[in-house]
Amino acid sequence: MNRDQTRINQLTSPYSPFNPPQLSLDFSDLLSLIWRIDRHAGQKHLAQYYMECTRALSRAFRFEQRSLGRVIRTTEPGRMYEMLGNVPFRETHRLSDASARRAAIQQLAQLRADVLSIGVYQHNWIVGWPGSGVQDLELRERIFATLFTALPSQYSHFGRLILVIDIVLQELLLGNRESSEFTLGTLIDRFGYPDPEDQRVRDLYSGELKDWAT
């Protein structure tokens, strides 16, 4: 498996403590974690878990006090991707083209969200797959072949769009193309990323922790 596909697999992964990221984390991982916060807005424990991951990466990238960091801190789960477009208006410079940059960010963020939704599709169906109740055997098999064979094989190419989008989004949101990445161990030791080996972190992810306090 080539490196691009390995990266895409991580960006579409659940980032759970039971299946932690194996590659170093960069700005693309941050965008995927923000998307996870939105996706699990109705599940408080998961939204909290992904928020802790996102805050750790924000500290590592040193933009907690910048416009993107402020948007992340002040936006409620479920609206984060939507509110990324406001980042240009919270800056103290380049306001002349803020509206144009906002439109570009919103379109690219929506496209990224759509690509991620397709990429994680199979993870949504542990039991009761779509079409499993269809009585016609041949039709049922064609449904499964489309959803679980044809779709993943094509996504291996389509998913690369995420990598291209992220390069542009980083420049729009941060104003640079700096390539910074941190190993999971470094993020845990230095920036407070949730440790997958910590039972409290596992309990938080599983919804078994009543209160999370860092």
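Return the residue satisfying two criteria in turn: it lies in region 191-214 and is of a type in the set (Asp, Glu) and part of a loop (DSSP other than H, G, I, E, B), and of such residues it is nearest to the chain's Cα centre (by Cα). Here the residue is Asp195. One residue is enough: does region 66-80 have a residue meeting the conditions in contact (Cβ under 8 Å) with a residue 40 or more places away in the chain, assigned to a loop (DSSP other than H, G, I, E, B) and of a type in the set (Lys, Arg)? So far as region 66-80 goes, yes, one or more of its residues are in contact (Cβ under 8 Å) with a residue 40 or more places away in the chain, assigned to a loop (DSSP other than H, G, I, E, B) and of a type in the set (Lys, Arg).
In region 176-189, the residue that is most open to solvent (accessible area, probe 1.4 Å) out of those that are at pLDDT 95 or above and either of a type in the set (Asp, Glu) or part of a helix (DSSP H, G or I) (or both) is Asp189. Could we say that Gly192 is open to solvent by less than 40 Å² (accessible area, probe 1.4 Å), in contact (Cβ under 8 Å) with a residue 40 or more places away in the chain and either out of contact with any helix residue (DSSP H, G or I) (no Cβ under 7 Å at 6 or more places or on another chain) or farther than 30 Å from Ala98 by Cβ (or both) here? When the stated conditions are applied, Gly192 does not pass them.
Tell me yes or no: at least one residue of region 155-175 is closer than 15 Å to Cys53 by Cα and open to solvent by less than 50 Å² (accessible area, probe 1.4 Å). Looking through region 155-175, none of the residues is closer than 15 Å to Cys53 by Cα and open to solvent by less than 50 Å² (accessible area, probe 1.4 Å). Looking at region 56-66, can you tell me whether even one residue there is open to solvent by 20 Å² or more (accessible area, probe 1.4 Å), out of contact with any Pro (no Cβ under 6 Å at 6 or more places or on another chain) and within 26 Å of Phe158 (Cα to Cα)? No, every residue in region 56-66 fails to be open to solvent by 20 Å² or more (accessible area, probe 1.4 Å), out of contact with any Pro (no Cβ under 6 Å at 6 or more places or on another chain) and within 26 Å of Phe158 (Cα to Cα). Among the residues of region 95-124, just one is in contact (Cβ under 8 Å) with a residue 60 or more places away in the chain and open to solvent by 70 Å² or more (accessible area, probe 1.4 Å), namely His123. Take the conditions more than 26 Å from Gln43 (Cβ to Cβ) and not in a helix (DSSP H, G or I) and apply them to Val134. Does it pass? Criteria met by Val134. Looking only at residues of region 81-94 that are farther than 26 Å from Phe158 by Cβ and either in a helix (DSSP H, G or I) or among the charged types (D, E, K, R) (or both), we find that the one that is most open to solvent (accessible area, probe 1.4 Å) is Arg94. Annotation note: Cβ proximity below 8 Å between a residue of region 1-19 that is within 20 Å of Arg202 (Cα to Cα) and assigned to a loop (DSSP other than H, G, I, E, B) and a residue that is open to solvent by 70 Å² or more (accessible area, probe 1.4 Å) and of a type in the set (Asp, Glu) (sequence gap 6+ or interchain) occurs for Pro17/Glu197. Scan region 164-174 for residues that are out of contact with any Ser or Thr (no Cβ under 7 Å at 6 or more places or on another chain) and touching a residue at least 12 places away in the same chain (Cβ under 8 Å) and the total you get is 7.
The values are calculated or read from the model by the stated rules, or taken from the named source; none is laboratory data. From a predicted model like this one, the values you see are computed outputs, not experimental measurements. Here Cβ is always computed from backbone atoms with ideal geometry, including for glycine, and neighbour counts include all displayed protein chains. All accessible areas refer to the heavy atoms of the entire protein, side chains included, with ligands and DNA or RNA removed. Shrake-Rupley method; radii C 1.70, N 1.55, O 1.52, S 1.80 Å.
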